[in-house]
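The values are calculated or read from the model by the stated rules, or taken from the named source; none is laboratory data. Keep in mind it's a predicted model, so treat the numbers as computed, not measured. So basically every Cβ, Gly included, is an ideal-geometry build from the backbone, and we count neighbours across all protein chains shown.
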Amino acid sequence: METMAMKIQGRSFQLIHLMIDMMILLLILSMVAFAGYSLWDSNQVFRAADKSQYERYKPSEDGKSFEELQRINSEVIAWLTVYGTNIDYPVTQGENNMKYVNTDAQGQYSLSGAIFLDSNNNSDFRDFNNIFYGHHMEKQTMFGEIETFYNKDTFESRRYGNLYFDDKDYGIEFFAFIHTDAYNRQVFTANVTEEKQEYLDNLLANAIHAREIGVSIQDNIVLLTTCSASSTNGRDILIGRITEDAFENPFSIENVEEARVQLTAGAHSLTQREVNISVLGALLLAFMMIIIIYYVAECKRRKRNR
């Protein structure tokens, strides 16, 4: 009887060990699957935010490509380009400032959202101050490159952009870069109609970089704003003046690679974060695979010893 009880007890212990091993293995496999899904999901978000998703809609001489996007989403009002960067996107405007936080320019749900004009602005860009919003995203998508204008060389070398609306190209001449708080109502008040000079003076007084181009309260200015990586509620803002005449893109095809190298140097911290995330992800996956191999080998060893 004692021998039979010991055998039963031994088998019970073996069954318990096997169940524990299986639970641990399932947990590890779940972690691997989750890590893999997270990497895939992040890649999908960045892919959706890449400017290449909209290249076929970029305004052309006949304007039909842009009109096609407007037929898909009637709230597409313009196209914004910052020369020498990847900022080259359609601009939307919703009834409020929440819609395009998680909606793309085609009107579909997307975590990367869209570039959008403040809902309090008029869509003809005739207001004194026109505020554009976009997510600060890595991989140089959406408004992720605005932070690179902290770098003086980047600010000096990327002076111009383009704004297409009403079937015409208008120029943008950038004259200031500032860092402020998201709750700064003195800055984040769109369509200022009174105290314009005070508003403009405040922008220039808080500028990290600025250049004199003769901006006045008779001009129409644009503020490209995004979240800052340097502070919780911080906002980075690139400011320019809309001009009747468009500017030529100073970054020719021959100089694209050189321009990208310069911009990457200005965004060193952003690139480093991407590297760190990739390394940590690879280490996590490698660690999990080692544990899986160990438990498989351990199960085989126990089976042989039974």
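Checked against (1) among the acidic types (Asp, Glu); (2) more than 15 Å from the chain's Cα centre (by Cα); (3) more than 22 Å from PHE174 (Cβ to Cβ), ASP104 meets all criteria but (2). Scanning segment 98-116 for residues being touching an Asp or Glu at 6+ places or on another chain (Cβ under 6 Å) and modelled with pLDDT of 95 or more gives a total of 1.
One residue stands out among those in segment 198-217 that are of a type in the set (S, T, N, Q) and within 28 Å of the chain's Cα centre (by Cα): the one that is farthest from PHE155 (Cα to Cα), which is ASN202.
Restricting the first member to segment 157-175 and to residues that are outside any strand (DSSP E or B), and the second to residues that are among the hydrophobic types (A, V, I, L, M, F, W, C), the beta-carbon pairs closer than 6 Å and six or more apart or on different chains are ARG159/PHE174.
Of all residues in segment 145-161, which are of a type in the set (Ser, Thr, Tyr) and touching a helix residue (DSSP H, G or I) at 6+ places or on another chain (Cβ under 7 Å)? Listed by number, the residues that qualify are THR148, THR154, SER157. Kindly evaluate ASN151 against the criterion of being farther than 30 Å from VAL76 by Cβ, touching a residue at least 40 places away in the same chain (Cβ under 8 Å) and surrounded by 18 or more Cβ atoms within 10 Å (Cβ to Cβ). Spelling it out, ASN151 is indeed farther than 30 Å from VAL76 by Cβ, touching a residue at least 40 places away in the same chain (Cβ under 8 Å) and surrounded by 18 or more Cβ atoms within 10 Å (Cβ to Cβ).
In segment 111-156, which residue that is charged (D, E, K, R) and not in a helix (DSSP H, G or I) is farthest from LEU204 (Cα to Cα)? For segment 111-156, the residue satisfying everything is LYS139. Filtering segment 156-193 to residues that are among the aliphatic types (A, V, I, L, M) and either modelled with pLDDT under 95 or within 24 Å of the chain's Cα centre (by Cα) (or both) leaves LEU163, ILE172, ALA176, ILE178, ALA182, VAL187, ALA190.
Looking across segment 212-234, the residues that are surrounded by fewer than 13 Cβ atoms within 10 Å (Cβ to Cβ) and at pLDDT 95 or above come down to GLU212, GLY214, SER216, GLN218. Within the option set TYR83, TYR54, TYR109, being in contact (Cβ under 8 Å) with a residue 24 or more places away in the chain and under 17 Å from the mean Cα position of the chain (by Cα) holds for one residue only, TYR54.
Picking from residues in segment 110-148 that are on the phi > 0 side of the Ramachandran plot and of a type outside the set (Phe, Trp, Tyr), the one that is surrounded by the fewest Cβ atoms within 10 Å (Cβ to Cβ) is LYS139.
Considered as a group, the residues in segment 56-83 that are in a loop (DSSP other than H, G, I, E, B) and modelled with pLDDT of 95 or more include one that is surrounded by the fewest Cβ atoms within 10 Å (Cβ to Cβ), and that residue is SER74.
Per the listing ASN129, ASN122, the residue uniquely touching a residue at least 12 places away in the same chain (Cβ under 8 Å), in the same structural domain as ILE217 (by TED's automatic domain parsing) and out of contact with any strand residue (DSSP E or B) (no Cβ under 7 Å at 6 or more places or on another chain) is ASN122.
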